[in-house]
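The values are calculated or read from the model by the stated rules, or taken from the named source; none is laboratory data. Model, not experiment: these values are computed from the prediction. Using ideal geometry, Cβ is built from the backbone for each residue, glycine included, and neighbour counts are taken over all protein chains shown.
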Amino acid sequence: MLFCVNMDDINKKSKEELLRDLKPAGAYIDSMADFGDILSTIKQAENAAKELLDEMAVTPKSKKIEEKAAPAEPEAQEEEKTEETEETEQKTLEELLETLDELVGLESIKQNVKSLINYVKIRKLREENELPNPPLSLHMVFTGNPGTGKTTVARILSELYKAIGVLSKGQLVEVDRSGLVAGFVGQTAIKTAEAAESALGGILFIDEAYALAPDNSMGNDFGREAIETLLKIMEDHRDDLIIIVAGYSDPMERFITSNPGLESRFNRYFFFEDYNSEELYAIFSIMCVKSEYLLTDEAKEFAQEHFSKIYEERDENFGNARHVRNFFENIVTVHSDRVSSLDEHTRDDLTMVIRDDLENAAQM
């Protein structure tokens, strides 16, 4: 690029002005002298700004705003945050234990859960005091009939472990065989890994887990591939994943003994007993109260007789709380049919359940 320079202009302009004209915008600094000029200019601007601020009067209101906006000392902030966090965690733990206590029945399960929580808490304190701890496995086997609260307890456990710092997230992911096993070779491992990955930081709850190892299966059953994949995942993520397998007692025993790896990793067993007739009626009463249905004395009497009868006649397929839920939903249906036939509806009509409603629901 050629530059045409007029000699008269050179005479009229200083050397610095001429160089400024010749340099393109954004040119690099050529010397330390140029750099010094820039620093001097910045310093002058800072001084001018300071003088302007000094001349401005600060009003009392501005001072209050400034004081209000001023952050606390870092140490005070950290201490305040720590106290608030500890209080929140303690409250959460207490609330969860209270929720556990509010469950109907399950007295032995409640005590086992509390003992397990206490054990984990003391274990963490020993670690903080540099004391050794024996190996720990929190994977569990839940056995018992359907409707005995296994999923509910698993959900509370996941939140309890989150509250005391054992799990990072505390979510519960529920699956069964269909959620782990695929229909083609090689896909089961992928499907099982995806289910486990979604549960990382929480609990993977496998209902009817015995279906992964049926006693009449052939050697190519994909359920065994799912078991092998789970065993590897349990080893790779033993610090932030808990697996709970659940199902009927006898099939679950066969499932655990089907693979040596399962026997070594699942060493905590929780047996969920059937609800007795009083507990079934208590569950039913809670459902009625939550939905604002009121039973007449005759209806209450029939309900107590009904639950006593089904408990005495129960078999291995007894549904426990599931039966109570179905019975309650049938009552709501019968009640709706009866009330809808009335010409006018009062609030009492909408809430009051009579003996006939229960008798008709029991026949459904």
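General remarks:
- Subset tally (residues that are surrounded by fewer than 17 Cβ atoms within 10 Å (Cβ to Cβ) and not in a helix (DSSP H, G or I)) for the stretch 315-346: 9
- Restricting the stretch 249-276 to residues that are assigned to a loop (DSSP other than H, G, I, E, B) and in contact with a strand residue (DSSP E or B) (Cβ under 7 Å, 6 or more places away or on another chain), the residue that is surrounded by the fewest Cβ atoms within 10 Å (Cβ to Cβ) is Glu273.
- The condition of being closer than 23 Å to Asn267 by Cβ, part of a loop (DSSP other than H, G, I, E, B) and within 17 Å of the chain's Cα centre (by Cα) holds for only one of Leu131, Leu167, that being Leu167.
- Residue within the stretch 135-150 that is closer than 30 Å to Asp315 by Cα, touching a Ser or Thr at 6+ places or on another chain (Cβ under 6 Å) and either modelled with pLDDT under 95 or part of a loop (DSSP other than H, G, I, E, B) (or both) present: no
- Residue within the stretch 224-239 that is surrounded by fewer than 15 Cβ atoms within 10 Å (Cβ to Cβ), outside the structural domain of Gly319 (by TED's automatic domain parsing), among the hydroxyl-bearing types (Ser, Thr, Tyr) and in contact (Cβ under 8 Å) with a residue 12 or more places away in the chain present: no
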